[in-house]
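Trainee: Right, I'll just put the structure down here and ask away after.
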Amino acid sequence: MTTRRVKGIGELPRDIPPSRDLWPAIAEAIQADLAMKAVPGTGRRVGWWPAVGLAASVALVAVGVFIGKNFKPDEAPPRLVNTLTPASDAGMVKASLRQIEYEKQRDQLWNEVQAKLATMSPAEREKVGKSLATLKQSIQEIKDALGHDPANALLQELFVSTSQEEMRVLTTVRDSGRQEL
Amino acid sequence: MKPDTVVNFDVALIERARAGDAKAFERLYREHVGRVHGLCLRMTRNPDTAADCVQDAFIKAWKALPRFEARASFSTWLHRIAVNTVLERRRGPSKAEVPVEDPGEYEEPTMVLDTPVEEEELEAAIESLPQGARDALVLCGLYGYEHQEAASMLGIAVGTCKAQLHRARGLLKERLERGVR
């Protein structure tokens, strides 16, 4: 503070900048919020979700309808369980194995989807490709946020649900030609 | 005295931020953070708590942006969120005694001293005031809010706000005369 002399409280400065930049923490929270909004059912839907819905008119079954009607129990995509907070060492090993298995299946699904995209019209490919890229980016943003705050239960839950959603969408795209539209 | 007026260039930034543009929101943050921090610091008297309140307030503001009415002053809206955040942190109403008597007529909130004092001395005197009196003085005397608005932000009756300000002025004068430090 300065030693300036004042004659009233009206002369005191209203602006006092914080001693450190508070924006990075705020930006992180905003990114998490944006990522959450990108996940269907967790808020305002932006980006990829409407695009996937639009693609339904041509080749892709709308994801919302698909999830509700088209999955039979034995056809369910591989499930990701919350492997981020295992309770014990044994739990940690099991969780790691599940995670490896999940990632293997997801990578395979991505490859199949890439092949499927190649068979789509350029317009469809662009729409679906953009949707998938946005979904992938959302997951990466959640992962980054988790890197800063690994114990955050909300982020963990968001990560699991978004990853499950990713599997559903990928399965939808892969199987789109097999569906009777 | 009007606390602030709507700054036109804020409107475009608010619109962009509402659409999910975090960069636009960062510009709003940079523009308003000093004043919001000054308010929180004077209400909490603790730099760390003030910084936490500022972060929380901006995160809440981001989430509440869709509900912000463009005709209102963004900075008043932001201050209201900041005051709420500070009050929430205090966990419940102030335990400080709240005078019930209403001094009646409207008092000019700006306080002019007979003899100029050092800025630091005046800040210390404000800091030493009881919570309720300090809140009223900071909002009405320093940030220029009218009793009605300050009372609404603080969740108290207008009469109580006036009484608190009256009390604050008396205590401030007394403490400055005998030297706060």
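Trainee: Could you pull out the residue among A:117, A:109, A:170, A:135 that is within 18 Å of residue A:34 (Cβ to Cβ), of a type in the set (A, V, I, L, M, F, W, C), in a helix (DSSP H, G or I) and modelled with pLDDT of 75 or more?
Mentor: Exactly one of A:117, A:109, A:170, A:135 is within 18 Å of residue A:34 (Cβ to Cβ), of a type in the set (A, V, I, L, M, F, W, C), in a helix (DSSP H, G or I) and modelled with pLDDT of 75 or more, namely A:135.
Trainee: Could you please find all residues in segment B:152-165 being under 18 Å from residue B:85 (Cβ atoms) and either in contact with a Lys or Arg (Cβ under 9 Å, 6 or more places away or on another chain) or β-branched (Val, Ile, Thr) (or both)?
Mentor: If the condition is that a residue be under 18 Å from residue B:85 (Cβ atoms) and either in contact with a Lys or Arg (Cβ under 9 Å, 6 or more places away or on another chain) or β-branched (Val, Ile, Thr) (or both), then B:152, B:153, B:156 are the ones that fit.
Trainee: Where residues in segment B:37-77 are of a type in the set (A, V, I, L, M) and more than 9 Å from chain A (Cβ to nearest Cβ), which of them is surrounded by the most Cβ atoms within 10 Å (Cβ to Cβ)?
Mentor: Checking each candidate, the answer is B:57.
Okay, residues lined up against (1) in a helix (DSSP H, G or I); (2) in contact with a Gly (Cβ under 8 Å, 6 or more places away or on another chain); (3) more than 15 Å from residue A:6 (Cβ to Cβ); (4) more than 9 Å from every other protein chain (Cβ to nearest Cβ):
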position	(1), (2), (3), (4)
B:115	no, no, no, no
B:123	yes, no, no, no
B:129	no, no, yes, yes
B:136	yes, no, yes, yes
B:151	yes, no, yes, yes
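Trainee: A further question on this structure: For the condition among the basic types (Lys, Arg), within 18 Å of the chain's Cα centre (by Cα) and modelled with pLDDT of 85 or more, what is the one hit in B:175, B:167, B:91?
Mentor: Only one candidate passes the filter, namely B:167.
Trainee: Separate question: Out of the residues in segment A:1-28 that are in a helix (DSSP H, G or I) and facing chain B (nearest Cβ under 7 Å), which is farthest from residue B:118 (Cα to Cα)?
Mentor: Top of the filtered list is A:27.
The values are calculated or read from the model by the stated rules, or taken from the named source; none is laboratory data. Bear in mind the structure is a predicted one, so any value in this text is a computation, not a measurement. Please note: Cβ atoms are built from the backbone with ideal geometry, for glycine as well, and neighbour counts cover all protein chains shown.
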